[in-house]
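We did not get these values from a lab; they are worked out from the coordinates using the rules stated. It should be emphasised that the depicted structure is a prediction, and the values quoted were computed from it without experimental measurement. Ideal geometry is used to build each Cβ from the backbone, glycine not excepted, and the neighbour counts take in all protein chains shown.
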Amino acid sequence: MTILHTRIEPTDNKKIFHGTWAMGSTGGNVQVVVKIPTPDDRITAELALLHYLLEEAEVSGENRAGNNLVIHCSAGAIKKLHQARSSKKELIPYAHFLRTHFIAARIVVDKKPLKIETPKPDKQIYLTGPLKYIVNSPQLGPVVISHHVIDRYAQRAGASIENARRRIVEMLKSGKMEKIKEKDREREKAILRHGKESVLYGYRYWHIRCIPKSRTTDLVTIYPTHRLQ
């Protein structure tokens with residue numbers, strides 16, 4: 001089992017926070033700069049710290065997900081956001097990566113101070129927007145995956161949430177998705193349902209619908225090939 005500890009503390013500048021982390025015998029200090037207005041800078045700063053450690057630095061391991069991962073964080077709201085029990089709905093976009101990539105992790109609220117030998121920050125990170133779960137696809141580029149898509153696919157495939165997430169990643173990274181040319185009627189129905197022009201792909205027994213954007217692609221639904229929508 002891997003245990004990651006994080007703490008976040010304010011500084012004299014209300015938009016700059018001192019983050020501390022530890023995992024086993026390793027750890028460090030990170031300065032988190034909140035560059036945008038957020039509903040709660042302290043909570044979003046700790047979420048930004050977690051995002052950096054897990055998604056960018058990959059301190060828990062390369063391509064690691066939430067299995068056998070325990071996160072000890074100092075903000076109780078993070079545990080509630082992870083479990084979809086928080087009343088602070090405006091913070092959901094900043095917990096996106098936890099609700100998807102690390103949905104199988106266990107989160108513990110722990111406010112005990114962490115002792116790190118080097119008190120000065122060894123890294124500075126910036127919070128500039130929502131913290132999304134992005135998978136790089138050889139065909140589509142960066143793809144944003146939502147918890148809703150994972151949850152619905154899990155129901156349709158009869159899989160656990162974590163297994164569903166893994167299967168979706170396999171599809172996107174396979175390089176074997178085939179673009180489907182839709183009839184005008186089907187394409188118009190999809191626009192009404194999703195509000196934007198989308199592209200349909202096929203992979204084995206599944207249809208994968210995506211909405212291309214300027215820098216990323218949104219994965220909006222996955223459903224069996226025998227049922228068009």
Over the Cα atoms of the chain, each weighted equally, I'd like the Debye log10 I(q)/I(0) at q = 0.08 Å⁻¹, rounded to two decimals. -0.33
Between helix 41-51 and the chain: long-axis angle, C-alpha atoms, 0 to 90°, nearest 10: 70
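Once the other residues with Cβ under 9 Å from the Cβ of THR100 are scored (Lys, Arg +1; Asp, Glu -1), what is the net sum? Provide the component values of the computation, followed by the final result.
Working: positive: ARG99, LYS132, ARG165; negative: none.
Charge balance in the 9 Å sphere: +3.
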Please state, to two decimals, what the Cα-based radius of gyration of the range 148-201 comes to when divided by 2.2 N^0.38 Å (N = residues). 1.33
Phi to ³J(HN,Hα) by Karplus 6.51 cos²θ - 1.76 cosθ + 1.60 over the range 64-76, Hz, x for Gly, Pro: 7, 10, x, 4, 6, 10, 10, 10, 9, 10, 8, 9, x
The range 35-131: which GluC sites (Glu not before Pro) are DSSP loop and have at most 16 other beta-carbon atoms within 10 angstrom? GLU58, GLU62, GLU117
Volume per residue, Å³, of the convex hull around the alpha-carbon atoms of the range 2-131? 97
Subtract the Cα-Cα distance of SER25 and LYS189 from 0.36 nm times their separation in residues, and report this length gain in nm to one decimal. 53.6 nm
Between HIS226 and SER160, with labels modelled 7 Å along Cα→Cβ, what's the label distance in nm to one decimal, could you check? 2.7
Let me have the 222 nm mean residue ellipticity of the chain computed from DSSP H runs of 4+ only, each contributing -39500 (n - 2.57), with the sum over all residues rounded to the nearest 500. -7500 deg cm²/dmol
Burial ranking of peptide ranges 10-17, 63-70 (average Cβ count within 10 Å, highest at the top): 63-70, 10-17
Point-to-point label distance, GLU55-ALA104, nm (Cα→Cβ direction, 7 Å offset): 2.0
Quick check: Cα centre of the range 162-229 to Cα centre of the range 26-104, how many Å? 28
Using alpha carbons only, how many degrees (0 to 90, rounded to 10) separate the axis of helix 184-194 from the longest principal axis of the chain? 20
Rotationally averaged projected area of the range 6-46 (alpha carbon convex hull; nm²): 2.8
Log entry: pair-distance distribution for the range 175-229, C-alpha pairs binned every 5 Å from zero, whole % per bin is 4, 20, 31, 28, 13, 3, 0
Using the Karplus curve 6.51 cos²θ - 1.76 cosθ + 1.60 with θ = phi - 60°, what ³J(HN,Hα) values do you get for each residue of the range 201-208, in whole Hz, with x for Gly and Pro? 10, x, 9, 6, 9, 10, 9, 10
Compute the Rg/Rh shape ratio of the range 135-224: radius of gyration over Kirkwood radius, all on alpha-carbon atoms. 0.94
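So, R0 is 30 Å and r is the distance between the beta-carbons of ILE92 and VAL70; what FRET efficiency does that work out to, to 0.05?
Values: r = 22 Å, r/R0 = 0.74.
In this case the efficiency is close to 0.85.
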Given H placed 1.01 Å from N in the peptide plane, which residues other than close sequence neighbours of HIS72 have an amide H under 5 Å from its amide H? LEU4, HIS5, THR6, VAL108
Local electrostatic count at LEU91 - Lys and Arg +1, Asp and Glu -1, tallied over other residues with Cβ under 13 Å: +3
Distances longer than 20 Å among the Cα atoms of the range 122-179: what percent of all pairs is that? 38
